[in-house]
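The block underneath contains the structure these notes are about, expressed in structure tokens.
Each value in this text was obtained by applying a stated rule to the coordinates, not by laboratory testing. Given the structure is predicted, the values throughout are model-derived calculations rather than measurements. Cβ: placed from backbone, ideal geometry, glycine included. Neighbour counts: every protein chain shown.
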Amino acid sequence: MKKNIFVFLLFAFSSLIFSQHNQLNSYSKATYMLYKNYKSLKKSGDKVIDSIGFNIIKNDTLIMIIGYKEKGVKVLYEEKDSIFLERYKQLVFNKKYQNKEERLKPTMKIWKDEVKIYFDKSVSKYNSKKLSEFIHYLDEEIDSLKITVVKDKDKSNYFIYSISDTNEVNLDARIRGNDGYYLLWNNKQNIYSCSLKINQKKNLNEEQILTYLKINFIRSLGYFYQELGNSDCNSYFSICKSDKKEFGNKDLEILKYHYSYGICKGSNIETFEKNHKDAKEALKKGNTKFYFLHNE
């Protein structure tokens, strides 16, 4: 998990718990923390915290602490069913086809800063207009993803250009295929730059070219893998060819979840699965809430 993200299980205080400490008004802002998290914070030495008591709820020892101030934004854990999560893990972590011997493990990547798109003059007016409409739709639908189109290339972080029979200059040599995209991200797994190439040399009509453009654009919003096997062939995330490709509600749900702060950011699959396991176990015990604390 990223160093700048901490996950804590915070218990809602009941009147019974408070009644045990009502003689000390200063305790009203105290927090209960799992014992293992308390030990970890004490061991780190970078935070001054004091224990003022404990409570046991369903075999969990909770330490009551003061002097710990959370920094960042605390967001309630977002629950999803197992079918959705398995699909998400395939698209983000390539779970089903991940080679265990690979040294580089896929991680969750997002655009944290605003995506500022610049269209090169090689892009047709039709493609720039239609993609701009699609961008506006995504910007409206996904809360934590901000996308705009800019007219100044120097102010952009996302460059879109086209290759056609009349223009054979590849403006980004890092994109070696006929079309595709190239991303850059930092050590926090935040994407900060992208180039996207449109191939108009193919024997495709305008609608087909636009569909491929939209598919590559969607994938570039999270360095998503594609689905194989028995997936919905019409999905933008499916690798199979179809003339009926459509960005439907299920695809939109993937993007919304990816940019939701009710999950950990920048994690690998092991951390992602452990967080969900911990959260689900906590929720089963009743009277608990699981939060993700996101720091800058």
In whole Hz, with x marking every Gly and Pro, tabulate ³J(HN,Hα) for region 231-237 from phi via Karplus 6.51 cos²θ - 1.76 cosθ + 1.60, θ = phi - 60°.
-> 6, 5, 5, 7, 5, 5, 8
Determine, from the Cβ-Cβ distance of Phe84 and Cys233 and an R0 of 22 Å, the FRET efficiency 1/(1 + (r/R0)^6), rounded to the nearest 0.05.
-> 0.70
Among 170-180, 151-161, what's the highest-first ranking by average C-beta atoms within 10 angstrom per residue?
-> 151-161, 170-180
Between Tyr261 and Asn178, what is the label-to-label distance in nm when each label sits 7 Å out along the Cα-to-Cβ direction?
-> 4.3 nm
Could you list, bin by bin from short to long, the percent of Cα-Cα pairs of region 152-220 in 10 Å steps?
-> 19, 49, 27, 5, 0
With θ set to phi - 60°, apply the Karplus curve 6.51 cos²θ - 1.76 cosθ + 1.60 along region 138-146 and write out the HN-Hα couplings as whole Hz, x wherever there is a Gly or Pro.
-> 5, 4, 6, 7, 10, 4, 8, 10, 10
Taking 0.36 nm per residue of separation between Asn203 and Glu114 and subtracting their Cα-Cα distance, the length gained on full extension comes to 28.6 nm
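Pull out the extension gain between Ser144 and Lys129, defined as 0.36 nm times the separation in residues minus the alpha carbon to alpha carbon distance; nm, one decimal. Could you put the intermediate results ahead of the total?
Numbers: separation 15, 0.36 × 15 = 5.40 nm, distance 2.35 nm.
Gain on extension, Ser144 to Lys129, equals 3.1 nm.
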